[in-house]
Amino acid sequence: MAQIYCVANQKGGVGKTTTTVNLAAALAAIGQRVLLIDLDPQGNATMGCGVDKRALPHSVYDVLLGNCTAQQAMQTSPAANFQVIGSNRDLAGAEIELVSMERRENRLRDAFEAVQDQFDFVLIDCPPSLGLLTLNGLCMAKGVIVPMLCEYYALEGLTDLVNSIKQVHANLNRDLKIIGILRVMFDARVTLQQQVSEELRQHFGDKVFDSIIPRNVRLAEAPSHGLPGVVYDPNAKGSKAFIEFAEELVVRNGGKLPNKTKKPKAAGAAPALVKPASN
Ligand code: ATP
Ligand code: MG
């Protein structure tokens, strides 16, 4: 059965799309069957997978509105070996159009039931809000991956997100849980980041992933080439960190890694980040 994860955080610019795209590419690189669903009208994940959001035959908007099936809206990313359902600004209207529809929170779940079994992982890139689009993602998902900057205000926002997830769990989707918090754009040279990282560990324990994504310029450059960072520069520190994160997820789910059985690092360790990052 597919692991269906929302990558969500109502804060903007915290690395949701970068995480979704690179995790999709990294999971595909280690042999997993992956579907990425772009649920953000900005269409950044779509473009980051090398798919032109202005030329989509069918988008996630069409799937939500019932204009086409999930299967019809799928296409292979030209950048890596995974499937994508793209989005564009059409989707901005869906938030309003869905309001009057039946089973409005479950439109995504209903539409994807038929195709889930084709995949090991389904990753949903959510917009920076807790509106009806994100709610559709949360109703379909089994879990939430929360990318987080290790900054003071990030901790505040986390409470809102955790409460929303609890409400969805109580009222709409009993399967939903937080899979983990992913520390992103991490710079070990910044003392405050180390402190917040430590606090996260103390509060959330093993709900904080062992893998840490460093701040890395290659990850930021990659979308302008229509490529996930993992493909654009596989040797960059950020790309290696996403491969490690993909391995951690597969191992957590009881899966096997190709050619090696690598265990996630010990709690709290961040050895790759101690030295100043150059690329
Ligand atoms: P939004 O809320 O608008 O959807 P988001 O949460 O999806 O934003 P991203 O678009 O992934 O965030 O990232 C925000 C910016 O930070 C982008 O310019 C991206 O290239 C950059 N960025 C993300 N992760 C990293 C990283 N690890 N190192 C360097 N830059 C990064
Ligand atoms: Mg985004």
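Please find, within the stretch 149-192, the residue that is farthest from PRO214 (Cα to Cα) out of those that are more than 18 Å from the chain's Cα centre (by Cα) and of a type in the set (Lys, Arg).
ARG174
Quick one: LEU149 ticks every box in (1) of a type in the set (A, V, I, L, M); (2) in contact (Cβ under 8 Å) with a residue 40 or more places away in the chain; (3) out of contact with any strand residue (DSSP E or B) (no Cβ under 7 Å at 6 or more places or on another chain); (4) farther than 23 Å from MET1 by Cα bar one, so which box is it?
If we test LEU149 against (1) of a type in the set (A, V, I, L, M); (2) in contact (Cβ under 8 Å) with a residue 40 or more places away in the chain; (3) out of contact with any strand residue (DSSP E or B) (no Cβ under 7 Å at 6 or more places or on another chain); (4) farther than 23 Å from MET1 by Cα, just (3) comes out false.
Those residues that are in a helix (DSSP H, G or I), at pLDDT below 80 and under 26 Å from GLY48 (Cβ atoms), I need them from the stretch 246-273; list them, please. Spell out the reasoning first.
Let us first name the residues in the stretch 246-273 that are in a helix (DSSP H, G or I), namely 246-252, 271-273.
Within this subset, residues satisfying the condition of being at pLDDT below 80 are 271-273.
ALA272, LEU273 - these are the residues of the stretch 246-273 that are in a helix (DSSP H, G or I), at pLDDT below 80 and under 26 Å from GLY48 (Cβ atoms).
Out of the stretch 5-64, which residues are aromatic (Phe, Trp, Tyr) and within 21 Å of ALA246 (Cβ to Cβ)?
Selection gives TYR5 alone.
Please work out which residue is surrounded by the most Cβ atoms within 10 Å (Cβ to Cβ), limiting yourself to the stretch 41-52 and to residues that are out of contact with any Asp or Glu (no Cβ under 8 Å at 6 or more places or on another chain) and part of a helix (DSSP H, G or I).
If we take residues in the stretch 41-52 being out of contact with any Asp or Glu (no Cβ under 8 Å at 6 or more places or on another chain) and part of a helix (DSSP H, G or I), then GLY48 is surrounded by the most Cβ atoms within 10 Å (Cβ to Cβ).
Just checking, which of ALA26, ALA70, ALA94, ALA45 is under 26 Å from ASN253 (Cα atoms) and touching a Leu at 6+ places or on another chain (Cβ under 8 Å)?
None of the other options fit; the residue is ALA45.
Going through the stretch 22-36 one residue at a time, which ones are closer than 16 Å to MET74 by Cβ and within 13 Å of ligand 2 (Cβ to nearest atom)?
LEU36, the sole residue that qualifies.
Could you figure out which of (1) in contact (Cβ under 8 Å) with a residue 60 or more places away in the chain; (2) away from ligand 2 (no atom under 16 Å from the Cβ); (3) within 16 Å of the chain's Cα centre (by Cα) isn't true of CYS139?
Answer for CYS139: the failing condition is (1).
Restricting attention to helices (runs of 4 or more DSSP H) lying wholly within the stretch 157-245, give those where 1 or more residues are of a type in the set (Val, Ile, Thr), within 11 Å of ligand 1 (Cβ to nearest atom) and touching a residue at least 40 places away in the same chain (Cβ under 8 Å).
217-221
All but one of (1) within 16 Å of ligand 2 (Cβ to nearest atom); (2) surrounded by 20 or more Cβ atoms within 10 Å (Cβ to Cβ) hold for ALA220, so report the exception by its number.
All conditions pass for ALA220, except number (2).
Under 8 Å between Cβ atoms, which residue pairs at least 6 apart in sequence (or on different chains) link something in the stretch 1-30 that is free of Cβ contacts under 8 Å to residues at least 60 places away in the same chain and over 15 Å from LEU182 (Cβ atoms) with a partner that is away from ligand 2 (no atom under 12 Å from the Cβ) and not hydrophobic (A, V, I, L, M, F, W, C)?
Close Cβ pairs (under 8 Å, with a partner that is away from ligand 2 (no atom under 12 Å from the Cβ) and not hydrophobic (A, V, I, L, M, F, W, C)) amount to ALA28/ASN81.
Taking the stretch 169-192, which residues are of a type in the set (S, T, N, Q) and surrounded by 19 or more Cβ atoms within 10 Å (Cβ to Cβ)?
ASN173
Which number in (1) more than 16 Å from ligand 2 (Cβ to nearest atom); (2) in contact (Cβ under 8 Å) with a residue 12 or more places away in the chain; (3) of a type outside the set (Ser, Thr, Tyr) marks the one condition that ARG103 misses?
All conditions pass for ARG103, except number (2).
I'd like to know if the stretch 13-27 contains one or more residues that are of a type in the set (D, E, K, R) and more than 24 Å from MET101 (Cα to Cα).
There is at least one residue in the stretch 13-27 that is of a type in the set (D, E, K, R) and more than 24 Å from MET101 (Cα to Cα).
To keep it simple, each residue is scored yes or no on (1) buried (at least 23 other Cβ atoms within 10 Å of the Cβ); (2) outside any loop (DSSP other than H, G, I, E, B); (3) of a type in the set (A, V, I, L, M, F, W, C).
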{"site": "CYS6", "(1), (2), (3)": "yes, yes, yes"}
{"site": "VAL21", "(1), (2), (3)": "yes, yes, yes"}
{"site": "ALA24", "(1), (2), (3)": "yes, yes, yes"}
{"site": "ASN67", "(1), (2), (3)": "no, no, no"}
{"site": "GLY93", "(1), (2), (3)": "no, yes, no"}
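The values are calculated or read from the model by the stated rules, or taken from the named source; none is laboratory data. The structure displayed is predicted, hence computed values, not measured ones. Here the Cβ is made from the backbone with ideal geometry for all residues, glycine too, and neighbour counts use every protein chain on show.
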